[in-house]
Amino acid sequence: MGKSARRSPRRFLERGRTPGDFLRDLDASRCRYVVLRWFDDLPRLEPGEDIDILVHNEDVEKLRAVLRPRPLAAKILGSKGLIRCDVYSVSGLPGSSYQGIAYYPPHLAQGILERAVRHPSGAMVPSDRDYFYSLAFHALYHKGLRSGLPVSTQGLQREPGPEHDYEAILRRLADAAGMAVEIEMNALDDELARAGWRPPIDFMERVLPRDPWIQSLVLADRRALPTVNGLAVFILRERAIDRADAIDAICDLLREDGFNILAVNVLSGAHQARCEHEIRGGNWGRGPWATSGGRPAVAIAALDVFPATPGKRLGEHHPRADNERVFVSKDRIRNWANEALPVPDKCNVVHSSDNAAEAASHIDLLFPDAREEIFDTAKRLLASVELPGEVVRRLDRNGRRAIVEIIRREDGSLAVRKRFRPEKEAFFQRELSALTALSRIYPDVVPEVLEYGENYVVMPYYTDMRTRLGGRLELPIPVPALRKAFLAAKSMFDHGYALVDFRPHNLIIQRNHQIKIIDFEETQQRCPDEGPSDFSDLEVFEPDEFDRTWGRAAGLPLHSLLYDPLWMLQLKRWTFGYLTAGTSTLRKVRRGIVRKIDRRQERMALRRARRRANALTAGSVRDHQTAGTHQTAETMP
C-alpha cells in the first residue's frame with residue numbers, strides 16, 4: 001500500500017458489494033460506527049455520492065477489514081462505479097483523520113457514537129439533535145462559505161452552487177428536532193457555541209485557514225488577546241514526565257535553546273479536560289507512533305525574544321508557523337524523552353503552539369490566574385532587548401544566546417551589533433571582557449568595541465572574502481590566513497584566554513589574507529591550575545572534533561598549522577591538503593547518510609510496532625463477521 005493510501009481516510013467497497021452488504025458486515029463485526037449524513041435513502045446511494053463514517057478508535061481495523069484502498073485499475077481508469085467511503089476515527093488516528101486532525105473534536109465524536117440510533121435502513125446514524133449539530137458543524141467549519149449558507153458578516157457573500165442545499169436541509173432538521181434556530185452562518189456559530197459544539201480556534205485554523213468567514217472568527221478571537229511576538233506554549237504529555245526530574249530538565253533544555261520560561265502549570269481536573277478538548281483539535285491520540293504519549297499533563301509558557309524566521313521546508317509543512325525555534329525545541333524534547341526507549345515504546349510526548357497568536361490563546365485557556373502576569377513579563381522582556389537604530393540585515397538565523405545584525409550608525413556607516421538574550425548575561429560579560437582586552441593586544445586580529453550597553457556590543461563591519469561555490473560549498477581557507485588565525489589563537493591561549501569555540505565560522509577572511517576572529521561569548525579565562533595546559537588540548541582540537549570542524553576548511557593537521565614554516569604548509573596544501581579537505585567532506589557526507597539510514601530504520605521499526613498494535617484489535621475481525629452474518633441478515637430489512 002502506498003503512502004497516500006495509508007494516510008487518506010478514503011476507502012472503497014469491493015466491486016459487486018452493495019451498501020446493504022457493507023452495513024451487514026459492520027453489524028456482523030460489532031463495529032461501533034455512525035453514517036454521518038445523507039443516509040435517508042440507504043441502502044440506495046445517489047450516483048457519485050460517498051458514505052461518510054465516524055468509527056470508534058478501537059474499531060477502525062474492523063471497518064478497514066471490509067473496505068479496500070483505491071484499486072490500481074481505478075488509479076488508471078478512474079473510480080467510476082466504485083462506492084467511496086470516507087472513514088474518520090474519533091481521535092483522528094493515522095489514515096482516518098481529516099487534514100491531520102480529528103474530524104470532530106473527540107469528545108463530540110464520542111457523544112455522537114454513544115447516542116447513535118438505528119435507521120430503518122439498518123445503518124447506525126446520529127440522533128436527531130446530533131444530526132443537526134454535526135451537519136451544521138460540517139457546513140460551517142469544514143465547508144465555510146462553500147456551504148452556500150447565508151452570511152451576515154459585512155463584506156462576505158456565500159458561494160453559489162453548493163454541493164448540497166445545506167440551508168434547506170438544516171432548516172428541515174431544526175424543525176424536526178423542535179429547535180428555533182436562524183439558518184445563517186453567524187447565528188449557527190452562536191448556537192453551536194451555546195450547545196458546546198463550537199470547535200476551538202486552532203481547529204478552525206487548521207481545517208480552513210484561507211476561508212474568509214473562518215478568518216473573521218479567528219481575528220475576532222485574537223483581538224481579545226494581546227499580541228506578543230515570540231510567545232510559545234509547550235504542552236507535555238503524561239509520558240514526558242515519567243522521570244522524576246523531567247519538568248526541570250525540559251525547562252533547562254528550553255533555556256539552552258534561547259527561551260525564557262514564563263510559567264509552568266501542572267494540569268489537572270478542569271484545566272486538563274479543557275486542554276484535552278480545546279487544543280490540538282481535540283486529538284491526543286498516538287498519531288503515527290506505536291503508543292500514545294498520554295493526556296496533556298504540564299503546560300509551559302515561554303518566550304523567545306529573537307524568533308527565528310521559518311525556513312522553506314517548515315513553511316511548507318506548517319504554513320502558520322512564525323518561529324522555527326519552537327519546532328526545533330519540540331524535536332529535542334521528543335528525542336530527550338525517547339532516547340533510551342525501545343522503538344515500540346517511543347511516543348509523541350509534547351505539543352506546542354504553532355505561532356504567537358495561538359500561544360496567547362493557549363495561555364488564556366491554561367493559565368487563567370497568571371494570564372496578566374505572563375503577558376506583562378513577556379512584554380517587559382521584549383522591551384529590554386529593543387534598541388534604536390536601523391537594522392540592515394540579520395546575520396545569524398538561530399542564535400540561542402544572542403543575535404548578530406548589521407546596523408546603520410548615525411554617521412551612515414555600517415557596523416555589527418550583537419544583542420544578547422535575557423538570562424544570558426554571563427555570555428555577554430565574557431564577550432565584552434574578551435573583546436575589550438584582546439582588541440588592545442591583537443588590534444589586527446580582534447575587532448575593536450565601538451559601543452556597548454547593558455546587553456549589547458557594537459563592532460566594525462568587515463566583509464568576508466571567503467570563497468564559496470554556489471553560495472554554499474566553502475573552499476579551504478587560504479594558508480596564510482589560516483596560519484595567522486591559529487597562531488593568534490595560540491597566543492591568546494598563552495595570554496590566559498582559551499577560545500573554546502574556535503571554529504571556521506568564527507573567522508572573517510579579508511583582503512591580503514588579513515583575518516578577524518569573532519564570537520568570544522564562550523571564551524574562558526584560564527587559571528594556572530585548571531583546564532587544559534596546552535593549546536592543542538582544547539576540546540575543539542580532539543581528532544574527531546577537529547575533523548568535523550576544521551577538516552574541510554583547513555585540510556591540514558593541527559601540528560603543521562602551528563609549527564611548520566609557511567612554504568611547507570603551502571606545499572602540503574597543494575600536495576595532499578585538498579585531498580584531505582575532500583576526504584573530510586566525504587566523511588561528513590557519510591555521517592549524514594548514516595544518520596538518514598538510522599532514521600529510516602527507526603521509522604521502519606516504528607511502522608512494524610504500529611502494525612502489531614493495530615493487529616491486536618483486528619485479529620478476530622473475520623471470525624466475528626463469519627459468526628454474526630447469519631444473525632444480522634435476519635434482522636436487516
### Query
Taking only C-alpha pairs under 8 Å that are 6+ residues apart, what is the relative contact order of the stretch 384-444 in percent?
24
### Query
Taking the Cα atoms only, what angle lies between the long axis of helix 425-441 and the longest principal axis of the chain, rounded to 10 degrees?
30
#### Entry: Integer Hz, Karplus 6.51/-1.76/1.60 couplings in order for the stretch 219-225, x for Gly and Pro
4, 4, 5, 5, 5, 6, 10
### Assigned charges on the beta-carbon of Lys, Arg, Asp, Glu; the stretch 358-433 dipole about Cα centre (debye)
580
### Query
With point charges of +1 on the Cβ of Lys and Arg and -1 on the Cβ of Asp and Glu, referenced to the Cα centre of the stretch 350-465, which listed residue (Tyr456, Ile363, Ser413) lies farthest in the positive direction of the dipole?
Ser413
### Query
What's the FRET efficiency of Gln601 with Asp396 using the Cβ-Cβ distance as r and R₀ = 30 Å, to the nearest 0.05?
0.35
### Message
Given a 1.4 Å probe and heavy atoms of the protein chains only, how would you sort Thr463, Thr291, Thr227, largest accessible area at the top?
### Response
Thr227, Thr463, Thr291
### Task
Answer with one residue from Val446, Leu45, Cys527: the one whose Cα lies farthest towards the positive end of the charge dipole of the chain, charges on Cβ with Lys, Arg +1 and Asp, Glu -1.
Leu45
### Task
Between Asp165 and Asp411, with labels modelled 7 Å along Cα→Cβ, what's the label distance in nm to one decimal, could you check?
7.9
### Task
Calculate the dipole size of the chain relative to its Cα centre from +1 charges on Lys and Arg beta carbons and -1 charges on Asp and Glu beta carbons; express the result in debye to the nearest 20.
2860
### Query
If you add up the charges near Arg158, with Lys and Arg at +1 and Asp and Glu at -1, over every other residue whose beta carbon is less than 11 angstrom from its beta carbon, what do you get?
-1
### Task
State whether the stretch 405-456 is rounded, prolate or oblate according to the following rule on the C-alpha gyration tensor (a ≥ b ≥ c being the square roots of its eigenvalues): a/c under 1.5 gives rounded; otherwise a/b larger than b/c gives prolate, and the remaining case gives oblate.
oblate
### Query
Of Val60, Val500, which has the most accessible area and how do the rest follow, probe 1.4 Å?
Val500, Val60
## Note on the structure
So, relative contact order of the stretch 255-317 in percent, Cα under 8 Å, 6 or more apart, is 45
### Message
Between helix 479-494 and the chain, what is the angle of the helix's C-alpha long axis to the longest principal axis, kept within 0 to 90° and rounded to the nearest 10?
### Response
80
### Relative contact order of the chain, pairs being alpha-carbon contacts under 8 Å that are 6 or more residues apart, as %
12
### Query
With a sphere of radius 15 Å drawn around the Cβ of Gly148, what net charge do the other residues whose Cβ falls strictly inside it have (Lys, Arg +1; Asp, Glu -1)?
-2
### Task
Express in Å², to the nearest 10, the accessible area of Lys490 obtained by rolling a 1.4 Å probe over the protein heavy atoms while all chains stay in place.
50
### Summary
Counting sequence-distant residues (5 or more places) and residues on other chains, those with an amide H built under 5 Å from that of Gly92 are Tyr103
### Query
Considering only protein heavy atoms, what is the solvent-accessible area of Cys275 at a probe of 1.4 Å, reported in Å² to the nearest 10?
0
### Query
At a probe radius of 1.4 Å, what is the per-residue accessible area of Asp544, in Å² to the nearest 10?
110
### Task
Using amide H atoms built 1.01 Å from N in the peptide plane, name the residues 5+ places from Asn283, or on other chains, whose amide H lies under 5 Å from its own.
Ala102
### Task
Please report, as a whole percent, how much of the solvent-accessible surface of the stretch 146-301 comes from carbon and sulfur atoms (probe radius 1.4 Å).
47
### Summary
Heavy-atom accessible area with a 1.4 angstrom probe orders Ser560, Ser8, Ser384, most exposed first, as Ser384, Ser8, Ser560
### Query
Rounded to the nearest 20 Debye, what is the dipole magnitude of the stretch 115-266 about its Cα centre when Lys and Arg each give +1 and Asp and Glu each give -1 at the C-beta?
280
### Task
Please give the helix 19-28 orientation as an angle from the longest Cα principal axis of the chain, in degrees from 0 to 90, rounded to the nearest 10.
80
### Query
What percentage of the solvent-accessible surface of the stretch 328-476, computed with a 1.4 Å probe over protein heavy atoms, is contributed by carbon and sulfur atoms?
49
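I'd like to check one number: the per residue accessible area of the chain, probe 1.4 Å, reported in Å² as a whole number.
I get 49 Å² per residue for this part.
The values are calculated or read from the model by the stated rules, or taken from the named source; none is laboratory data. Note that the structure is a prediction, hence the values are computed from the model and not measured. Methodologically, a virtual Cβ is constructed for each residue, glycine included, from the backbone with ideal geometry; neighbour enumeration extends over all protein chains shown. For accessibility, only protein heavy atoms count, side chains too; no ligands or nucleic acids. Shrake-Rupley method; radii C 1.70, N 1.55, O 1.52, S 1.80 Å.
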